[in-house]
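*Asks:* Before I ask anything, let me first share the structure, which is written out below as structure tokens.
The values are calculated or read from the model by the stated rules, or taken from the named source; none is laboratory data. On a predicted model such as this, the values are computed, not experimentally measured, just so you know. A quick note on method: Cβ atoms are made from the backbone with ideal geometry, for glycine too, and the neighbour counts reach across all protein chains shown. Heavy atoms of the whole protein, side chains included, go into the accessibility calculation; ligands, DNA and RNA do not. Shrake-Rupley method; radii C 1.70, N 1.55, O 1.52, S 1.80 Å.
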Amino acid sequence: MAWEKLSGTSVGLEDTDEIWRYEIYCPEERDDYFSDLHNLKKSTDKKEKYEWRYKTEAIAKCSGFLKEFRFQAENPFIIPMPPSKKKGTPEYDNRLVQIIKNVTNVTCLDIFDVKESVESTHKSEQTKDLIAIQNNLVMSTTEKIEIPDLVYVLDDVLTTGTHFKAIKNKILEIKPDIRVIGLFFYKPEGPLDYYKYLRENNKNG
């Protein structure tokens with residue numbers, strides 16, 4: 001596998017949106033409880049269980065994927081997509097921060113949080129609402145942040161791209177002339193999308 005650039009319009013975004021994905025994930029072909037993606041998204045209530053080791057391994061594997069990406073900056077700045085749960089809550093999962101911090105010569109800009117914890121995407125039947133997602137994003141630091149002219153946004157799964165669009169809009173509010181590139185480890189393809197698959201099979205992550 002290797003990183004591949006996608007056109008924004010291919011996933012419902014605009015042609016000006018720059019996005020890359022590493023691997024295609026088809027639930028019907030990889031119906032395995034211990035799949036890499038499912039392990040990566042294991043919920044924090046599994047921390048004291050033996051299976052948590054699989055999440056740790058999945059994080060390390062994704063760090064390896066990220067090391068393979070050819071960044072267009074000498075010391076790239078990467079913003080992790082905030083999870084659905086608010087920082088400081090027991091359910092908060094900083095897996096993307098861990099992935100970034102395992103990679104040398106990159107800077108992790110963990111500057112966004114959600115105002116209110118929301119239901120995980122795969123547990124919600126509601127249509128993704130760009131405005132609602134965007135309005136629920138907030139800066140998680142009061143320090144003045146010097147954001148460069150190019151930043152990367154990292155997320156684990158690319159479905160409709162709505163969350164990427166929401167955080168990109170928030171970044172542009174801070175610095176209108178910035179270039180924002182999205183990086184995603186997995187992109188579901190096939191008759192079932194990943195989140196529908198989880199809902200139908202009652203998998204909790």
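*Asks:* Which condition does G205 not pass, out of (1) at pLDDT 75 or above; (2) surrounded by fewer than 21 Cβ atoms within 10 Å (Cβ to Cβ), if it passes all the others?
*Replies:* Looking at each condition in turn, G205 falls short on (1).
*Asks:* Looking only at residues that are of a type in the set (V, I, T) and in contact (Cβ under 8 Å) with a residue 40 or more places away in the chain in segment 138-158, which one is surrounded by the fewest Cβ atoms within 10 Å (Cβ to Cβ)? Spell out how you get there, then give the answer.
*Replies:* Here is the first cut: in segment 138-158, the residues of a type in the set (V, I, T) are 138, 141-142, 145, 147, 151, 153, 157.
Those left that are additionally in contact (Cβ under 8 Å) with a residue 40 or more places away in the chain: 147, 151, 153, 157.
Values: I147: 14, V151: 20, V153: 22, V157: 21.
Only one residue fits best here, namely I147.
*Asks:* Then there is this: Name the single residue that is nearest to D36 (Cα to Cα) among those in segment 60-86 being open to solvent by 40 Å² or more (accessible area, probe 1.4 Å) and assigned to a helix (DSSP H, G or I).
*Replies:* Looking at residues that are open to solvent by 40 Å² or more (accessible area, probe 1.4 Å) and assigned to a helix (DSSP H, G or I), I get K61.
*Asks:* Within the set of pairs 6 or more residues apart or between chains, which connect a residue that is closer than 14 Å to W20 by Cα inside segment 62-80 to a residue that is open to solvent by less than 30 Å² (accessible area, probe 1.4 Å) and among the hydroxyl-bearing types (S, T, Y) with Cβ atoms less than 7 Å apart?
*Replies:* Correct list of pairs: F65/Y22; I78/Y152.
*Asks:* Still on this structure, I have one more. Could you list, in sequence order, all residues of segment 95-121 that are under 11 Å from C62 (Cα atoms) and either part of a helix (DSSP H, G or I) or among the hydrophobic types (A, V, I, L, M, F, W, C) (or both)? Please lay out each step first, then the result.
*Replies:* The first filter runs over segment 95-121 and keeps only residues under 11 Å from C62 (Cα atoms), leaving 95-96, 98-100, 102-103.
Scanning segment 95-121 gives R95, L96, Q98, I99, I100, V103.
*Asks:* Could you give me the residue pairs with C-beta distances under 6 Å whose first residue belongs to segment 33-47 and is surrounded by fewer than 20 Cβ atoms within 10 Å (Cβ to Cβ), whose second residue is modelled with pLDDT of 90 or more and assigned to a loop (DSSP other than H, G, I, E, B) wherever it lies, and which are 6+ apart or on separate chains?
*Replies:* Hits for this filter: T44/E91; T44/D93.
*Asks:* Do we have Y194 as closer than 15 Å to L6 by Cα, aromatic (F, W, Y), at pLDDT below 95 and touching a Leu at 6+ places or on another chain (Cβ under 8 Å) here? I'd like the intermediate steps shown before the answer.
*Replies:* Numbers: closer than 15 Å to L6 by Cα: no; aromatic (F, W, Y): yes; at pLDDT below 95: yes; touching a Leu at 6+ places or on another chain (Cβ under 8 Å): yes.
The answer is no for Y194.
*Asks:* Let me confirm something: among Y25, Y50, Y33, which residue is modelled with pLDDT of 90 or more, of a type in the set (F, W, Y) and farther than 23 Å from L109 by Cβ?
*Replies:* Y50
*Asks:* Take segment 95-118 and flag every residue that is surrounded by 14 or more Cβ atoms within 10 Å (Cβ to Cβ) and either acidic (D, E) or in contact (Cβ under 8 Å) with a residue 60 or more places away in the chain (or both).
*Replies:* Listed by number, the residues that qualify are R95, L96, D110, D113.
*Asks:* Considering Y50, Y92, which residue is open to solvent by 40 Å² or more (accessible area, probe 1.4 Å), among the aromatic types (F, W, Y), touching a residue at least 40 places away in the same chain (Cβ under 8 Å) and assigned to a loop (DSSP other than H, G, I, E, B)? Break it down into steps so the answer makes sense when it comes.
*Replies:* Working: Y50 fails: touching a residue at least 40 places away in the same chain (Cβ under 8 Å).
Every option except Y92 fails the conditions.
*Asks:* Mind counting the residues in segment 172-191 that are modelled with pLDDT of 85 or more and either part of a helix (DSSP H, G or I) or not β-branched (V, I, T) (or both)? First the steps, then the outcome.
*Replies:* Here is the first cut: in segment 172-191, the residues modelled with pLDDT of 85 or more are 172-187.
Pick out the ones that are also either part of a helix (DSSP H, G or I) or not β-branched (V, I, T) (or both) and you get 172-177, 179, 182-187.
Of the residues in that region, 13 qualify.
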